[in-house]
Amino acid sequence: MDLIRLTAGAPAEGMAMGASGYLSTLGGLLPLVLMVVIFYFFLIRPQKKRDKEEREMRNSIQVGDEISTIGGFIGKVVNIKDDVLTIETSNDRTKLRIYRWAIRGKEAEPTDKVEAPKE
């Protein structure tokens, strides 16, 4: 009878699942919990921070800012209506309408041009 109980997974007489059983279960779950924490701090949290910075940048675009799009266009914002921006892309005043999500970033403000030294 004892052989049947041991092979079926039932504890033998006098043996009950005690603290060591719970510790082994916790020991098995600890690496999984540790991996989730590591993924959060090294992957998920930084990505959320980048997404928040991008969203703030796109919402701070104003008329007159020079921007670049994800398609490679560079232009000056001339009109903003909800989530659609109109940009002017060249000297001949070509205008494009783009969505706000298509903005890659603001172009750097031109600084005062420094003249090259004359020889």
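Values quoted throughout were computed directly from the atomic coordinates according to the rules given, and no laboratory measurement underlies them. A quick note: this is a predicted structure, and the numbers were derived from the prediction, not measured. Cβ: placed from backbone, ideal geometry, glycine included. Neighbour counts: every protein chain shown.
Report the trypsin sites (Lys or Arg not before Pro) located in segment 60-95 that are in a DSSP loop and have at most 10 other Cβ atoms inside 10 Å of their Cβ, or state none.
Values: sites: LYS76, LYS81, ARG93, LYS95; in loops: ARG93.
For trypsin sites (Lys or Arg not before Pro) across segment 60-95 that sit outside H, G, I, E and B with at most 10 neighbouring Cβ atoms in 10 Å, the list reads ARG93.
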Legend entry - Amide proton proximity set for GLU107, modelled H, under 5 Å, gap of 5+: GLU66, ILE67, SER68
Inset, instruction - Step through the residues of segment 53-59 one at a time and calculate ³J(HN,Hα) from phi using the Karplus curve (6.51 cos²θ - 1.76 cosθ + 1.60, θ = phi - 60°), rounding each to whole Hz and writing x for Gly and Pro. - result: 5, 4, 4, 5, 5, 5, 6
Inset, instruction - Using R₀ = 41 Å, calculate the FRET efficiency as 1/(1 + (r/R₀)^6) where r is the Cβ-Cβ separation of LYS49 and ILE80; round to 0.05. - result: 0.95
